[in-house]
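Read the figures in this text as sums done on the coordinates, not as results from a lab. Since the model is a prediction, treat every value here as computed from it, not as a measurement. Here the Cβ positions follow ideal geometry from the backbone for every residue, glycine too, while neighbour counts run over all protein chains shown.
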Amino acid sequence: MIILGIDPGSNVTGFGLVESDSTGERLLETGVIRLSDTKDHSLRLKRIYESVLELIDEFNPDLFAVEMPVYGNNPQSMLKLGRAQAAAMLAALNRQIPVTEYTPKEIKKAVTGNGNASKEQVRFMVETMLKMPKETSITMDASDALAVALCHIHRGATLSDATYKNWDAFARAHPDRLK
């Protein structure tokens, strides 16, 4: 099964695609959607939506997990983060991919064992869990997105949570039924 994890942001949105099967987890792709060159917030939301759709169309994930914004000191920032999250979620929902939200504490605890872990600890554990080469360097936003996907896997996500969009998705979910 393939999980798309998203760390939403109004300036930078991280994404991570992880494949999970009986042999473990593998990194498929990770990166960021940079939005700072676009001043209009509504156009940033459109870019998040379109970029997530492109990822979905390219990698055909079975499940979608996203970090949810938590209470902060600046209501305007929280509103913008919530909108970024909604834009990414809408892309998944429009492709009939089940969406699950996790708090930052849930994600950190699932990946590091500590709900108060630092971003550096999360990145270290993500790189370790996915057996990424030591010379590989990913941004914090990308590692956070991978952590969201890994959290979803470690919380027991299964293909039974997914809808089958096409024969390929069904075949990946049920290799034992193929002859």
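Taking Cα atoms, how many degrees apart are the long axis of helix 140-154 and the longest axis of the chain, rounded to 10 and kept between 0 and 90?
Approximately 40 degrees, to the nearest 10.
Calculate, in whole percent, how much of the Cα-Cα pair population of the chain lies beyond 19 Å.
55 percent
Nearest 0.05, what FRET efficiency do Leu53 and Lys131 give at R0 = 25 Å with Cβ-Cβ as r?
E between Leu53 and Lys131, to the nearest 0.05, is 0.30.
Could you calculate the FRET efficiency of Asn73 with Thr139 from 1/(1 + (r/R0)^6), where r is the beta carbon distance between them and R0 is 22 Å, rounded to 0.05? Write out the running numbers ahead of the final one.
Details: r = 24 Å, r/R0 = 1.09.
Efficiency at R0 = 22 Å is approximately 0.35.
At 7 Å along the Cα-to-beta-carbon direction for both Thr38 and Glu106, put a label point, then send me their distance in nm to one decimal.
Inter-label distance under the simple model: 2.7 nm.
Could you tell me the relative contact order of the chain? Use alpha-carbon pairs under 8 Å, at least six residues apart, and round to a whole percent.
Numbers: 319 pairs, mean separation 52.5, N = 179.
Contact order relative to length: 29 percent.
Using unit Cβ charges (K, R positive; D, E negative) and no other charged atoms, how large, in debye to the nearest 20, is the dipole of region 2-177 about its Cα centre?
440 debye
Taking 0.36 nm per residue of sequence separation and subtracting the Cα-Cα distance, how much length would be gained by fully extending the chain between Ala86 and Ser118, in nm to one decimal?
Result for the pair: 9.0 nm of gain on full extension.
Using a Cα distance threshold of under 20 Å, what count of lysine pairs results for the chain when pairs must be 8 or more residues apart or interchain?
Total qualifying Lys-Lys pairs in the chain comes to 9.
Among Ser51, Ser22, Ser143, which one shows the highest mean-square fluctuation when the chain is modelled as a Gaussian network with alpha-carbon springs under 10 Å?
Ser22
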